[in-house]
Each structure stands twice: as structure tokens, then as C-alpha cells.
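The values are calculated or read from the model by the stated rules, or taken from the named source; none is laboratory data. A quick note: this is a predicted structure, and the numbers were derived from the prediction, not measured. Note: ideal-geometry Cβ built from the backbone for every residue, glycine included; neighbour counts use all protein chains shown.
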Amino acid sequence: MPVQPVSSSRVSQPRRPVAVRTFAPRRPAPVDGFTGVDGLGEARRKALATLEKNLHRVSYPNVSGARWTLDAGKNHFAALWTRDSSFPALGLLAEGRTEPVRDYLDALLANMRKDGLAPRRLGAGANFFQTFPALFGIHPKRSDTYDFVDFNKGLGKAPVDPNALLVWLSAEYVHTSKDTAFLRAHLATLERAVKYLDKRTKDGLLHQGPYEDWRDLTGREGATLYGNVLYWKAVSSLAELEAKAGRPAEAQRRTAQADALAKKIQKTFWDEEKGYFHDQVGLDVFGGDGNFLAGLTGLATPTQTRSLLAAADRLLLRGNGLYASTDKPYPAKDVPWYLSLAGIRGYGDGTLVWPWMTSLYALAAAKAGDTTRAQRALSAVAQASHRDGTFAEIYDERGQGVRRGVYKSEVDFSWSAGLYLAGLKALREAQAARFR
């Protein structure tokens, strides 16, 4: 905005009305050090604006009054998806925005199935009637009633990551907000969520069916790194919550379980020669999701984190500075044939790249104290947001928004925006730690 000239007579000028934002902090936290050529501070403002667009109040089943929701995106993902709201919640919490996180955690936990399975999605009607018209540019009007609870309406029967993410996010929320009332209200439900995962273990590891995690257009199954890192984090988070609730015996039991699980994951997935964790048992694929999560959550040792980040630079880094999700495509049998017809082969593996995956890399790097890698990765995400004016869902190998066949990359994508904010805070803290 151009600077207004000052009157030589110093007569006070009428003040312009101040626009009050509905979400972004009125006095943003300082971003000193992030306003140079990389534009990290400007991208932060775009990320806040993206989340603001997707935050609105709705009514939920089993929850009284209008409560906040965080839609996954503007068009074909305009609903509360558990995983797509859990990851960006790390960014909301990084910005001190605890109220929306509390609201949609309340809603998701209130609608958990009796056997402990968490909802995959809460929305205005079934997902099909939103996503299918969106492929042809038809977008329903935003609803203020999310009355449809979706557990398993995708290709998979019962996704495993919503359960684990809800427990992890609840622990992060309680740690940030000090909201003991939330803990008292939901501890039994969170215990039920982990018990559901416990029942889906085999030989000490969590097992899943095809299409039962975020790669819901890729049929990876059995014991996966991503699923088991999240399972370990959920068990560890539950132990933390039990301790805060004054249940030391239960906290000790869950801590012992988490320790045993960590050893099992290390033994099963880590490849010392290649320097990274394998994506699945019996499949030599390097997946960024599970590896970067292992670095971020502390399951990987600092030495392992440095090694897997170097492997990602060799195998996943693309010319646009963003990271692909795998180093090679999954076997053809694991990928639905119709993805090729739609023009999005590689959506869940291989060639297409995700900004949120790059921010997850940055989070793992910051955790390891590698501020150079973290800043480089966040700069690539920032540059894409500057060009596009928002945070997008997915790009092709050239760094362009995907627009193939009937599919167009979602815009105003919360997952991308939220993890960028979380990564930026982690980078700031890691840089500060170097001077202590």
C-alpha cells in the first residue's frame, strides 16, 4: 500500500476503518528473519488467509450449538476430513488458535463409532455427491450443517490414520491450551480410539487393508511405516494424557507399549545400508510420509533423521524444490486402473508432488536442528504460494498445479497451509536454539 503524504500543517487525518479479520491474529507474531528474498513471512500471511477461508461455523451431530470446522479445501474437499484437519491443526496451534481445534476435536470424538473407529469425514451429505460434481466444476453452496458421518465410504473399509491422528492432536491441543476440562471429557474416548488400533495389530505391528490411509487411491496394505509411526505416536500421546489425568499406572503401561513398538518399527523398517525406513514390509519403496514423520515425532534417532533427509534429497527432491511422496511408483496392482484414464496416475505415489510433504520434510529437519534444509524446503513451498496466490493441494513434476483429465488440483488447501505454518514455527525455534 503506498505511504500517504503527511500534511505540513500536521492536521490529523481521518482514520480509515480497521478491517477486523475473523481468524488471523490481529497482531501477528513477529516474523523477523523471514521477510527476505525467500518471502517466508509473506507466505505465512497467505497460509493464515487460506485457513481463514476454510474456517466457518456449522452444526454437528451429537454436539450442541454452532462450532468451528476447518474444511479441507475450497471445492471438492469442502468438509471436515479428520486427517486433513489434524495435520493443519499443528499450524493452528503454532499460531495460538486453540478454539477451532477444540471445536472440531469435540465433534469428531463425539461421533466416534461404538467400536472405537473414528470418523473419516463429517460433511453435508455423502462425499460422492460433493466430489463427483466438483470434477465438472459444479460446487455446492457452503453448508452450515454437517449432518453426515462418514466412516468408510471410500475404497478402504476402515482407515487407520484418523484414530491415531485424533489422539496425537488431542495431546498437542492439551499441551498448548492447558485445557484440563477437555482431557476429563474425552480421555475415555481417546482410550477407546487406541484400543481399536490395538485390535488391528499382528506380530506387534499395526496392519491395514488397501486404501486405508491418506493414500486412499493407492492400495498399500499390511504393516506400513506411515501407519505404524502414527500408531506409536498415538500410544505415546495417550501415555502423556494418562499421566496428566493422574493415572500413573496406565501411563506406565502405555509408555512400555510405545517403547516396545518403537523397537519393533526400527527392526522391521530401517535399512542401514540405504539410510531410510522402507515404506512397507516386503516392498523397497522410500516414502516421504512415514520417514519424515519418524523424524518429526522422534521415533527416528538424530543420526537416522539426518540420513533419511539426505536420502530424500537424492531420491525425492524435484527441480522445483518440492518433494515427491515416493521414490518410485507402487506396483500396478496397487493403483486403480481408472487413475490413468482420469490423467492423475501418480497421485499417491511417484511423479506428483505435495507442498505439505515438503513442509513435513522441513519439520523433520528443524527437529534435527538442520535449519539450512528446513529453510530451503519452506522457501520452495513459499515460492509456489507466491506464484499461485494460495496454498494448493498438489503439483506436477514441473511445479505446476495439476490439471489433467477431469481432475484439477484443489486450491486453498488447508493441509498445505497448516503444515507450512507449523514448519515455520519449528524453523524459528530451531534457529533460536542455535544461539542459546
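For residue 89, state whether it is in contact (Cβ under 8 Å) with a residue 24 or more places away in the chain and assigned to a helix (DSSP H, G or I). It is true that residue 89 is in contact (Cβ under 8 Å) with a residue 24 or more places away in the chain and assigned to a helix (DSSP H, G or I).
Evaluating residue 376 against the criteria (1) among the charged types (D, E, K, R); (2) in a loop (DSSP other than H, G, I, E, B); (3) surrounded by fewer than 22 Cβ atoms within 10 Å (Cβ to Cβ); (4) modelled with pLDDT of 90 or more leaves one unmet condition, (2). Contact map, the stretch 413-436: residues that are under 15 Å from residue 390 (Cβ atoms) and at pLDDT below 95 paired with residues that are of a type in the set (Asp, Glu) and crowded, with 24+ Cβ neighbours inside 10 Å, Cβ distance under 8 Å, separation 6+ or inter-chain. Pairs shown: 413/393.
Looking only at the stretch 42-69, filter to residues that are buried (at least 24 other Cβ atoms within 10 Å of the Cβ) and in a strand (DSSP E or B); which one of those is farthest from the chain's Cα centre (by Cα)? Filtering first and then ranking leaves 58. Cβ-Cβ contacts under 9 Å between residues 6 or more apart (or on different chains), taken from a first residue in the stretch 221-234 that is closer than 13 Å to residue 260 by Cα and modelled with pLDDT of 95 or more to a second residue that is among the polar types (S, T, N, Q) and in a strand (DSSP E or B), are listed as 231/201. When you scan the stretch 180-236, how many residues do you find that are of a type in the set (Lys, Arg) and closer than 14 Å to residue 279 by Cα? Looking only at that region, the number is 2. Only one of the listed residues (293, 299) is in a helix (DSSP H, G or I) and under 22 Å from the mean Cα position of the chain (by Cα). That residue is 293.
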